[in-house]
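The values are calculated or read from the model by the stated rules, or taken from the named source; none is laboratory data. Keep in mind that this is a model prediction, so the values were computed, not measured. Cβ placement follows ideal geometry from the backbone for every residue including glycine, while neighbour counts extend to all protein chains displayed.
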Amino acid sequence: MRKSPQLLCLLAIVALSGCSKFEESQKKSKTRVQLSNYVNATELYVQEYEELPIFRTPREFLDVMFGNNPRKLLIYVIFDGELGVDGQPIDFFGTLIEIEKEKERILFRSAGPNGTFERNSDSDDIQLTWYNQTSEVATP
């Protein structure tokens, strides 16, 4: 049975599309794990110091977790490919990660596959939030 070139071309396109979706799904999963690690690092910091980490930028957040804290504790290990050329944290899509501190929470956000931060409900942004679970934690 001989297959037409058009059919082979169509099969190749479908296969490539499936690979692309799989790769995007992997990057989303890795980015969720990365943000989850930031949440866990925040919780460890709060348990150790009984206050929120002091930082203004995402880079400063990682510096604090990487030992630039009062007791020089290594709370988080930075992985290959997690930092951009300027030392800012990037996601697995290659875009900068936002880390914002608000009173009793810290929001960790990736722009997701499209690389654009969107604040609407149907965006593909990936975000996790650390919430202060006790009122005894000081907020600087």
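Flag: residue 133 matches the condition of being polar (S, T, N, Q) and assigned to a loop (DSSP other than H, G, I, E, B). Residues of the stretch 59-76 that are in a helix (DSSP H, G or I) and out of contact with any Gly (no Cβ under 7 Å at 6 or more places or on another chain): 60, 61, 62, 63, 64, 65. Annotation note: Cβ proximity below 9 Å between a residue of the stretch 63-76 that is in contact (Cβ under 8 Å) with a residue 40 or more places away in the chain and within 14 Å of residue 99 (Cβ to Cβ) and a residue that is in a loop (DSSP other than H, G, I, E, B) and among the hydroxyl-bearing types (Ser, Thr, Tyr) (sequence gap 6+ or interchain) occurs for no pair. The C-beta contact set for the stretch 115-134 (first residue over 29 Å from residue 46 (Cβ atoms), second residue of a type in the set (Ser, Thr, Tyr), distance under 6 angstrom, 6+ apart or interchain) comprises 115/95. Every condition in (1) in contact with an Asp or Glu (Cβ under 9 Å, 6 or more places away or on another chain); (2) more than 23 Å from residue 21 (Cα to Cα) is met by residue 90 except one, and the failing one is (2). Taking the criterion of being farther than 19 Å from residue 94 by Cβ, assigned to a helix (DSSP H, G or I) and in contact (Cβ under 8 Å) with a residue 12 or more places away in the chain, the residues of the stretch 27-58 that qualify are 36, 39, 41, 42, 43, 44, 45, 46, 48, 49. When residue 93 is tested against (1) surrounded by 13 or more Cβ atoms within 10 Å (Cβ to Cβ); (2) not in a loop (DSSP other than H, G, I, E, B), just one condition goes unmet, and that condition is (2).
For (1) at pLDDT 85 or above; (2) under 16 Å from residue 39 (Cα atoms), each residue gets a yes or a no:
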{"residue": "55", "(1), (2)": "yes, yes"}
{"residue": "64", "(1), (2)": "yes, yes"}
{"residue": "69", "(1), (2)": "yes, no"}
{"residue": "72", "(1), (2)": "yes, no"}
{"residue": "78", "(1), (2)": "no, yes"}
{"residue": "91", "(1), (2)": "yes, yes"}
{"residue": "100", "(1), (2)": "yes, yes"}
{"residue": "108", "(1), (2)": "yes, yes"}
{"residue": "124", "(1), (2)": "yes, no"}
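Whether a residue is free of Cβ contacts under 8 Å to residues at least 40 places away in the same chain and within 25 Å of residue 133 (Cα to Cα) was assessed, and residue 102 passes this test.
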